[in-house]
Each structure stands twice: as structure tokens, then as C-alpha cells.
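Below is one structure, written out as C-alpha cells; comments come after it.
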Amino acid sequence: MENENINLHKNHRKRLLDIVSQIGFENANDYVALEFILTYIIPRKDTNPTAHMLIKEFGNLASVFDADINQLKKIDGIGEHTAKLITMLPHIANRYFFEKKENKKYLITYADMAHYYTRFMQDKTIEEFCLTCLDDKFRILNHKKIGQGELTNVNINPKEIASMIVNTKNATKIIISHCHPDGSCMPSSTDIMSTNKIMEICKLLGIKFVDHIIVGNNGCYSFSQLKIIGGSNEKL
């Protein structure tokens, strides 16, 4: 009987894969799309009832992905492992689109920077600190998160910053950035001190410090411009 159930689930997964492949994932309704995803997260189990319970509870696919882990775990059939994987899905998609479309960009104007960092940081729930390495033509060579913390506390490791710069081939310039979730983009005294420390690192390495961009709920702040930016086409 157990083998029969396994075969039934296996055949159902294959049929589900065939359906989604035929109509396209973007055209599948929320129930089918979520069940399809869950079949690869939860092995050897019928995930159709779980998918329906999740959509009923949260309303749609996007709301399921954005739900808190503890909220997800209240649904029958969703454990810690599954809940964590579900909440990671938007970040996986974000990384795909970020690397595909953004990592080949040039940050030549302040408007370029405002668009780039707002798109990358606008949905963050905790402060994150990022370093972007550029070449002589302001082309992005490397972009990496190098610190994160609570809303008012980002832990930054100067050695990691120096290592990333040194190990990025052809890097001649850097931009640092971080976000103020649920807050103004204006810099704090801690932000100013951190910026000065990183500028000293750049001087020692012979690297040009281009800017420090802070993304908040009222726009972006540029240390180089000493003001909120967003629409200027002024070149660096």
C-alpha cells in the first residue's frame, strides 16, 4: 500500500509538471502554482490540501511568500524547514533578476545610483550594508552585502571591505550603500563615522570613493551630493 501511495504521488507530480510546463508557470492559478512549488519542498506527500490552506489563509501566492515563518508554521503540514524555504523564494527570484539585469549596469549619474540601490534595497526589513566595485568607466564589477543588523545597527568589517576591493579585478572605484527600513534616508552620526572610516581604507588602497547612498522611505541620500537624490542626470 505504501509503495502504491508513493507511485500515486510520483505520477501526480509528473502530471503537475506537465501541466505547468504546457501552460507556463505565469499562467497557472495560485493553487496550482503553489502546489507545484510545494511538491519539490515536501517529498512524498500530497501537497494539494496544504496549497489550498495557504491560499485561503493568506489570500494569494505573493502573500504566502511574504508571510512570516511563524505564521506559515501554523498551517497544517508546514514545518520549520518548509516555512524557511517558502520565505526564501522571493529572494531567489530577486537575485536572479538582479544578476541578470543589474550587474552589467553602469552607475554614471546620481539618477543611476538612486534607481539601482532603491530597486535593490526597497523591500529590506533590516539594515543592510553593501559594497559596489566599479571600473574606470563606472561599470559594476562586483556588488555584495557585507553587513547587516537591526534598524539602527549595522556591523561592518573593514577587513572584509578591503579584501573585496583588492580581490575584484580592475576595480578602481567603489560606492557603499545601506538602507534605513521604516526610516528617513538622512544619515546618522554613526553613518558619517562609518563613511569616514571607509574613505580612509580607500585612500590606503588607492581606490576612489565615489559615494555613500542611503535608501530610506523618503528617497535616497547621497553623501557626495549632501542631499536627497533621485531625478538628477548630473554625471559623477
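Just so you know, all these numbers are worked out from the coordinates, no wet-lab data involved. Computed from a prediction, not measured in an experiment: that's the story for all the values here. Here the Cβ positions follow ideal geometry from the backbone for every residue, glycine too, while neighbour counts run over all protein chains shown.
Run the numbers for Ile126 and Leu204: contour at 0.36 nm per residue of separation, minus the present Cα-Cα distance, in nm.
On the way: separation 78, 0.36 × 78 = 28.08 nm, distance 3.06 nm.
So the extension gain works out to 25.0 nm.
Could you give the length gained by full extension between Arg95 and Arg139, i.e. 0.36 nm per residue of separation minus their alpha carbon distance, to one decimal place?
Numbers: separation 44, 0.36 × 44 = 15.84 nm, distance 1.87 nm.
So the chain would gain 14.0 nm between Arg95 and Arg139.
Using each residue's phi in region 36-47, evaluate 6.51 cos²θ - 1.76 cosθ + 1.60 at θ = phi - 60° and report the 3J(HN,Hα) Karplus result to the nearest Hz, with x for Gly and Pro.
3J(HN,Hα) across region 36-47, in whole Hz: 4, 5, 5, 4, 8, 9, 10, x, 6, 8, 6, 9.
So who's got an amide H within less than 5 Å of the one on Cys220, skipping anything under 5 residues away but keeping other chains? H placed 1.01 Å off N, in plane.
Ile229
Quick query: amide H of Asp135 versus all other amide H atoms, modeled in the peptide plane; which residues come in under 5 Å with a sequence gap of 5 or more or a different chain?
Long-range HN contacts for Asp135: Leu141, Thr172.
Using the basic label-point model (7 angstrom from Cα toward the beta carbon), what is the Ser189 to Lys74 distance in nanometres?
Using points 7 Å along Cα→Cβ, the separation is 4.2 nm.
Return the long-range amide H neighbours of Asn60 (sequence gap of 5 or more, or a different chain), with a cut-off of under 5 Å between placed amide H atoms.
none
Quote the charge dipole size of the chain about the Cα centre in Debye, to the nearest 20; the model charges only the Cβ of Lys and Arg (+1) and of Asp and Glu (-1).
Values: 29 positive and 27 negative charges, 176 e Å.
So the dipole magnitude of the chain works out to roughly 840 debye.
Hey, if you put +1 on the Cβ of every Lys and Arg and -1 on every Asp and Glu Cβ in the chain, which of Ala67, Pro49, Asn157 ends up farthest toward the positive end of that dipole?
Selected residue: Asn157.
What are the ³J(HN,Hα) couplings of region 127-142, residue after residue, when phi is run through the Karplus curve with 6.51, -1.76, 1.60 and θ = phi - 60°? Round to Hz, x for glycine and proline.
5, 10, 10, 10, 10, 10, 9, 10, 9, 4, 9, 6, 7, 6, 9, 7
Can you check what the net charge comes to around His52, using other residues whose Cβ is under 13 Å from the Cβ of His52 (Lys, Arg +1; Asp, Glu -1)? Could you put the intermediate results ahead of the total?
Details: positive: Lys56; negative: Asp30, Glu35, Asp46, Glu57, Asp76.
Counting the neighbours of His52, the net charge comes to -4.
Tell me, what HN-Hα J-couplings in whole Hz come from the Karplus equation 6.51 cos²θ - 1.76 cosθ + 1.60 at θ = phi - 60° for each residue of region 51-56, using x for Gly and Pro?
4, 5, 5, 5, 5, 4
Using the beta-carbon distance between Asn218 and Leu17 and R0 = 45 Å, what value does 1/(1 + (r/R0)^6) give for FRET efficiency, to the nearest 0.05?
Working: r = 45 Å, r/R0 = 1.01.
Computed FRET efficiency for Asn218 and Leu17: 0.50.
What is the angle, in °, between the Cα long axis of helix 80-97 and the longest principal axis of the Cα atoms in the chain? Nearest 10 is fine, range 0 to 90.
Compared with the principal axis, the helix lies near 50 degrees.
Take the alpha carbon atoms of region 17-72, find their radius of gyration, then divide it by 2.2 N^0.38 Å using N residues; give the quotient.
Values: Rg = 11.2 Å, N = 56, 2.2 N^0.38 = 10.2 Å.
After normalising by residue count via 2.2 N^0.38 Å, the value is 1.11.
Quick one: which of 172-181, 211-220, 66-75 comes out on top by average Cβ neighbours within 10 Å, and what's the full order, highest first? Don't jump to the answer; show the numbers that get you there.
Details: 172-181: 23.2, 211-220: 21.2, 66-75: 14.9.
Highest mean packing first, the order is 172-181, 211-220, 66-75.
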